[in-house]
Amino acid sequence: FIPPKEVGEDGSIIAKDINGNIIPASQILAEPPGTRALVAGLAGEPTYLTIREDGTLHPWGIADNCTHLGCTFPWNPNDDQFQCPCHGSRYDPEGRVVRGPAPLPLQLAHVNVEGNYIRISPWTETDPRTGKKPWWI
Ligand code: FES
C-alpha cells in the first residue's frame, strides 16, 4: 500500500470524509448518476462532487458555501438545484446563481481521479461559467 501524496505542490489535496479519512474513488463512483457527494475539499471546505450520467466524476467540484453569507446548503434533486436554506438563494447544477440574494456563482475546484483517490485542486484560471477571472482568487 502506497499512500497518496496528500498535499500537492499546487495546493491540491486528496478528498476525505468528515472524519478525515481518505475516501476511495470507487466508493464515490459506486453512487448512482446524478448523485452529489459531499467531501472535505480544499482547506477542509465541504465540496460537492457530481456523478455524471456516464458514471464518471464531473471535473468541477462545487464549494458548499453560499456566496451570500456562507451557509451550507443541500442539493435538491427534484428541482435540480442547490438551495440555500438561510435566505433562499438557488444555484443551478454547475453553481450559477438562479435566484438571489447570492451575488456570485459558487466557488469551483478541479476534481481528478488518481488511482483510487480523488484529488481536489485550486481553480485559478478563468471561470468557465462567467468567462472571467474567478472571484475567489
Ligand atoms: Fe445562502 Fe443567505 S447565506 S442565501
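For the stretch 59-137, taking Cα atoms only, Rg and Dmax work out to 12.9, 40 Å respectively. Helical runs (DSSP H, four residues minimum) scored at -39500 (n - 2.57) apiece and divided by the length of the chain put the mean residue ellipticity at 222 nm at -500 deg cm²/dmol.
Across the stretch 50-59, computed HN-Hα scalar couplings (Karplus, 6.51 cos²θ - 1.76 cosθ + 1.60, θ = phi - 60°) run 10, 8, 7, 4, 8, x, 9, 8, 5, x Hz from first to last residue, x flagging Gly and Pro. Estimate the FRET efficiency between LEU38 and VAL98 by the formula 1/(1 + (r/R0)^6), using the beta-carbon distance for r and 25 Å for R0, to the nearest 0.05. FRET efficiency, LEU38 to VAL98: 0.80. If the chain linking THR126 and GLU45 were pulled fully straight, counting 0.36 nm for each residue of separation and taking away their Cα-Cα distance, it would gain 27.1 nm. Take the Kirkwood radius over Cα pairs of the chain, plug it into Stokes-Einstein at 10 °C and 1.306 mPa s, and you get 104 µm²/s for translational diffusion.
Evaluated at q = 0.15, 0.21 Å⁻¹, a Debye calculation over the C-alpha positions of the stretch 68-107 (equal weights, vacuum) places log10 I(q)/I(0) at -0.26, -0.51.
Building the convex hull from the alpha-carbon atoms of the stretch 1-65 and averaging its projection over directions returns 4.9 nm².
Every number here is computed from the coordinates shown, using simple stated rules; none is lab data. For clarity, every value in this text was computed on a predicted model and none was experimentally measured. FYI the Cβ positions are ideal-geometry reconstructions off the backbone, even for glycines, and counts take in every protein chain you see.
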